[in-house]
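Since the structure comes first, as structure tokens, the remarks are kept for the end.
The values are calculated or read from the model by the stated rules, or taken from the named source; none is laboratory data. These figures come from a predicted structure and were not determined experimentally. Glycine gets a Cβ as well: all are built from the backbone with ideal geometry, and neighbour counts include every protein chain shown. When the accessible area is computed, the model is the full protein with side chains, heavy atoms only, and any ligands, DNA or RNA have been set aside. Shrake-Rupley method; radii C 1.70, N 1.55, O 1.52, S 1.80 Å.
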Amino acid sequence: MAESWTVLKMLSWMTDFFADKGIDNPRLDAQLMLAWLLGLDRIGLYMQHDRPLDAAELDRLRSLVRRRGQREPLQYLLGETEFWSLPFKVSPAVLIPRADTEILVEESLKHAASEGSLIDVGTGSGAIAISLASELSQWQVTAFDISGDALAIAKANAELNHLSQRIDFCQGTLAELPAEKYDLIVSNPPYIDADEWTGLMPEVRDHEPKLALVAANNGLECYQLLAVQAVRCLNPGGWLLVEIGYQQGDAVMRLFEMAGLKNVYLRHDYAGQPRVVGGQL
């Protein structure tokens, strides 16, 4: 008689396999992958722990497990993720939204009046722009990126979250932002130095778009460009808010101050790491 692979048995095997491959949080990855495949949530997995998987389910799962074992990001394998409690489609054309970036959304909301305009520079999947549009119903939102492929995904995500009519999409380089005025400029720009590239996790180094990760001048080039342009693009009293690398806080604050921004400050995330720098025109 053929061996029966139940939900619980498969979860145990997947967890051990992922742990052996050096994957962080192997049990969580196993739960999320199997739940997605079976159309369940994580609680549902344990309510149906003795359910056997059929041959088609096993074939699909083995393919996903093999690719995850080769360190393809789980979010790319599933084609989706969550950010700010909203659903987002993702592909290797965009960075995978991280929970830490929600700090940038939080800070943006603190500086947002009842109405205004904002631009998300380097929007990628659209996670920041769409999250802010979902909270700021009276704001004009622009999602800006150099990549047409990224903008296509951002547009799909705006439609997925029923916000297509609230967001303008614009393609261009960070060196030349649109000739508009904004009350908020927000950005999670490339900030990894090229020398750090080879030391990144395989999921990032081998699969996420390098264009969205690496910046010149010790990872500071984009902050310099944003700070200088903020003086031209912000309305009086407007804010520039950026996510930073954990060692870049002091350097980015100096760049903001040198550009003429005031009330420059640093916000840490909930793990105590420097995460966001803000400055006001």
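Residue check: is ASN235 over 17 Å from the mean Cα position of the chain (by Cα), modelled with pLDDT under 90, surrounded by fewer than 18 Cβ atoms within 10 Å (Cβ to Cβ) and farther than 25 Å from SER91 by Cα? Here the answer is no, as ASN235 does not meet what is asked. Applying a threshold of 7 Å to beta carbon distances and a minimum spacing of six or more residues, or different chains, the list of pairs starting in the stretch 176-197 at a residue that is over 13 Å from TYR223 (Cβ atoms) and ending at one that is open to solvent by 20 Å² or more (accessible area, probe 1.4 Å) and in a helix (DSSP H, G or I) reads TRP197/ARG205.
The numbered conditions (1) surrounded by fewer than 23 Cβ atoms within 10 Å (Cβ to Cβ); (2) in contact with a helix residue (DSSP H, G or I) (Cβ under 9 Å, 6 or more places away or on another chain) are all true for ILE130 except (1). Scanning the stretch 20-64 for residues being open to solvent by 30 Å² or more (accessible area, probe 1.4 Å), closer than 30 Å to LEU200 by Cβ, touching a residue at least 12 places away in the same chain (Cβ under 8 Å) and among the polar types (S, T, N, Q) gives a total of 0. Using the structure shown, decide if GLY122 is open to solvent by 10 Å² or more (accessible area, probe 1.4 Å), under 13 Å from the mean Cα position of the chain (by Cα) and within 21 Å of ARG267 (Cβ to Cβ). Here the answer is yes, as GLY122 does meet what is asked. For PHE17, indicate whether it is farther than 27 Å from ILE103 by Cβ and in contact (Cβ under 8 Å) with a residue 24 or more places away in the chain. It is true that PHE17 is farther than 27 Å from ILE103 by Cβ and in contact (Cβ under 8 Å) with a residue 24 or more places away in the chain. Listed by first and then second residue, the pairs linking a residue in the stretch 201-213 that is part of a helix (DSSP H, G or I) to a residue that is among the charged types (D, E, K, R) and open to solvent by 30 Å² or more (accessible area, probe 1.4 Å), with Cβ atoms under 8 Å apart and 6 or more places separating them unless they lie on different chains, are PRO202/ARG71; GLU203/ARG71; GLU203/GLU72. Counting only helices (runs of 4 or more DSSP H) wholly contained in the stretch 19-113, the ones carrying 2 or more residues that are hydrophobic (A, V, I, L, M, F, W, C) and under 30 Å from GLU243 (Cβ atoms) occupy 26-38, 74-78, 102-110. Considering the conditions (1) over 18 Å from the mean Cα position of the chain (by Cα); (2) open to solvent by 50 Å² or more (accessible area, probe 1.4 Å), GLY116 is excluded by exactly one of them, (2). Taking GLU80, is it surrounded by 14 or more Cβ atoms within 10 Å (Cβ to Cβ), farther than 20 Å from ARG166 by Cβ and touching a residue at least 60 places away in the same chain (Cβ under 8 Å)? For GLU80, the condition - surrounded by 14 or more Cβ atoms within 10 Å (Cβ to Cβ), farther than 20 Å from ARG166 by Cβ and touching a residue at least 60 places away in the same chain (Cβ under 8 Å) - is not met. In the stretch 37-58, which residues are in contact with a strand residue (DSSP E or B) (Cβ under 7 Å, 6 or more places away or on another chain) and among the polar types (S, T, N, Q)? If the condition is that a residue be in contact with a strand residue (DSSP E or B) (Cβ under 7 Å, 6 or more places away or on another chain) and among the polar types (S, T, N, Q), then no residue fits. Among the residues making up the stretch 236-277, those that are over 22 Å from VAL214 (Cα atoms) and among the basic types (Lys, Arg) are LYS262, ARG267. Within the set of pairs 6+ apart or on separate chains, which have a first residue in the stretch 251-273 that is in contact (Cβ under 8 Å) with a residue 12 or more places away in the chain, a second that is hydroxyl-bearing (Ser, Thr, Tyr) and open to solvent by 80 Å² or more (accessible area, probe 1.4 Å), and C-beta atoms under 8 Å apart? Pairs that qualify, where the first residue is in contact (Cβ under 8 Å) with a residue 12 or more places away in the chain and the partner is hydroxyl-bearing (Ser, Thr, Tyr) and open to solvent by 80 Å² or more (accessible area, probe 1.4 Å), are GLN273/TYR246. The lone criterion from (1) under 27 Å from ARG232 (Cα atoms); (2) out of contact with any helix residue (DSSP H, G or I) (no Cβ under 9 Å at 6 or more places or on another chain) left unmet by PRO178 is number (2).
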